[in-house]
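Here the structure is laid out as structure tokens; the discussion comes afterwards.
The values are calculated or read from the model by the stated rules, or taken from the named source; none is laboratory data. Treat the numbers as computed from the prediction; the structure is a model and nothing was measured. Note that we place each Cβ from the backbone using ideal geometry, even for glycine, and neighbour counts take in every protein chain shown.
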Amino acid sequence: MGRRFYGNLGLGRRDLIKALGAAGVGFVATTACSSAPTNQAGSQATAPAASPVAATSPAADTAALKRPDAENMTPDQALKLLLEGNKRFTEGKTVHPRQNRARLAETGADQFPFAAFLSCADSRVPVEEIFDQGIGDCFVARVAGNIATPEQVGSLEFGTLVLGSKILLAVGHERCGAIIASMGRITLPADPGKIPTLVPYIKPAVDTVAAETKAKGIAEVGNDVELTVKQNAKNQANALAKSTILASLVKDGKLKIIPAYYDLDTGKVELLNEQKQAWVTSDHYLAMLQGETSVA
Ligand SMILES: [Zn+2]
């Protein structure tokens, strides 16, 4: 594995991990349900004697599903892998790649996730499943409403700058409870605890869509919950892009940040084309990445 350098810091990956401190690294990685990287170069990973790892048929790990290391991948290649995985998922052709004991040994000592996510905590949006990816592939920050809180931004800065993810999707989803609650359509308990702390992050999307609805009428605007979820995904992607670390990676061509929408009924992930202010389907984007068409 080659030595990598990050931005203008002049630090290699392991130097940076060392500088951050093992405790801090472990905390961030644990938060995102990823294996903690080690600063001991060459240490051997040992698979636990008994672990709940799904069986993968030898045929499943085909050459087509082998992927280059994240550090040698472009953002478009990373996005293509995700869209191909989601296509397999929606077509019932999942292969559950890289979920075997060999993968535990590969990733036990270090990790090189190629994709990072800001997604909802909703039980119906398991990121690795819907993109048909495996252990060590995805660095996932999940929180209700997929909101870019400082903790989530910090986690994703770590996943991209330090661990090298090349694509960052801000994924909202159909019928999101956090969005519906922020629209005032769910009655919270008398003591709502910390639930209201989610709302300020989502409120701008609620206000934007409410203003559109008022101006055009609900019949013209359509499903305002879906529109609010999509607007929120865009807002959170924009918030991520304001991180100086993430912005620098984007500027250097090492990262793309894209808002997306997950359909609970079809399992399909839809991408948002920022330039056109319109929604572009993942199929269209996949075709573009494969050189079959272009986003006009
Ligand atoms: Zn949700």
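Of all residues assigned to segment 70-80, at least one qualifies as being within 21 Å of Gly267 (Cα to Cα), out of contact with any strand residue (DSSP E or B) (no Cβ under 6 Å at 6 or more places or on another chain) and modelled with pLDDT of 90 or more. Residue pairs whose Cβ atoms lie under 7 Å apart, separated by 6 or more positions or on different chains, with the first residue in segment 162-173 and touching a residue at least 40 places away in the same chain (Cβ under 8 Å) and over 12 Å from Val140 (Cβ atoms) and the second within 16 Å of the ligand (Cβ to nearest atom) and among the basic types (Lys, Arg), are Gly172/Lys230. Annotation for segment 147-155: no member residue is crowded, with 19+ Cβ neighbours inside 10 Å and at pLDDT below 95. With the structure loaded, tell me whether Ala219 is among the small types (Gly, Ala, Ser) and surrounded by fewer than 17 Cβ atoms within 10 Å (Cβ to Cβ) or whether it fails that test. Yes; evaluated as a whole, the condition is true for this residue. Beta carbons closer than 9 Å, at least 6 apart along the sequence or on distinct chains, pair a first residue in segment 139-153 that is free of Cβ contacts under 8 Å to residues at least 40 places away in the same chain and closer than 11 Å to Ala116 by Cβ with a second that is outside any strand (DSSP E or B) and within 14 Å of the ligand (Cβ to nearest atom) for Gln152/Val143; Gln152/Asn146; Gln152/Gln236. You will find that of Ile179, Ile167, the residue that is in contact with a Gly (Cβ under 7 Å, 6 or more places away or on another chain) and crowded, with 22+ Cβ neighbours inside 10 Å is Ile179 and no other.
When you look at Leu240, is it away from the ligand (no atom under 16 Å from the Cβ) and either in contact (Cβ under 8 Å) with a residue 24 or more places away in the chain or crowded, with 16+ Cβ neighbours inside 10 Å (or both), yes or no? Yes: the conditions hold for Leu240.
In the set (1) within 14 Å of Tyr262 (Cβ to Cβ); (2) in contact with an Asp or Glu (Cβ under 6 Å, 6 or more places away or on another chain), the condition left unmet by Thr90 is number (2).
Screening segment 115-222 for strands (runs of 3 or more DSSP E) wholly inside it with 1 or more residues that are within 16 Å of the ligand (Cβ to nearest atom), closer than 30 Å to Asp76 by Cβ and of a type in the set (S, T, N, Q) returns the ranges 115-119. Taken together, Leu271, Leu246, Leu255 contain a single residue that is crowded, with 17+ Cβ neighbours inside 10 Å, touching a helix residue (DSSP H, G or I) at 6+ places or on another chain (Cβ under 6 Å) and at pLDDT below 95, which is Leu271.
Applying the set (1) crowded, with 19+ Cβ neighbours inside 10 Å; (2) of a type outside the set (Gly, Ala, Ser); (3) closer than 21 Å to Leu246 by Cβ to Ile135 leaves exactly one unmet item: (3).
The combined condition, being buried (at least 22 other Cβ atoms within 10 Å of the Cβ), in a loop (DSSP other than H, G, I, E, B) and of a type outside the set (Gly, Ala, Ser), is fulfilled by Arg98. Applying a threshold of 7 Å to beta carbon distances and a minimum spacing of six or more residues, or different chains, the list of pairs starting in segment 101-126 at a residue that is under 30 Å from Thr266 (Cα atoms) and without any contact (Cβ under 8 Å) to a residue 24 or more places away in the chain and ending at one that is within 16 Å of the ligand (Cβ to nearest atom) and part of a loop (DSSP other than H, G, I, E, B) reads Ala121/Val143; Ala121/Ala144.
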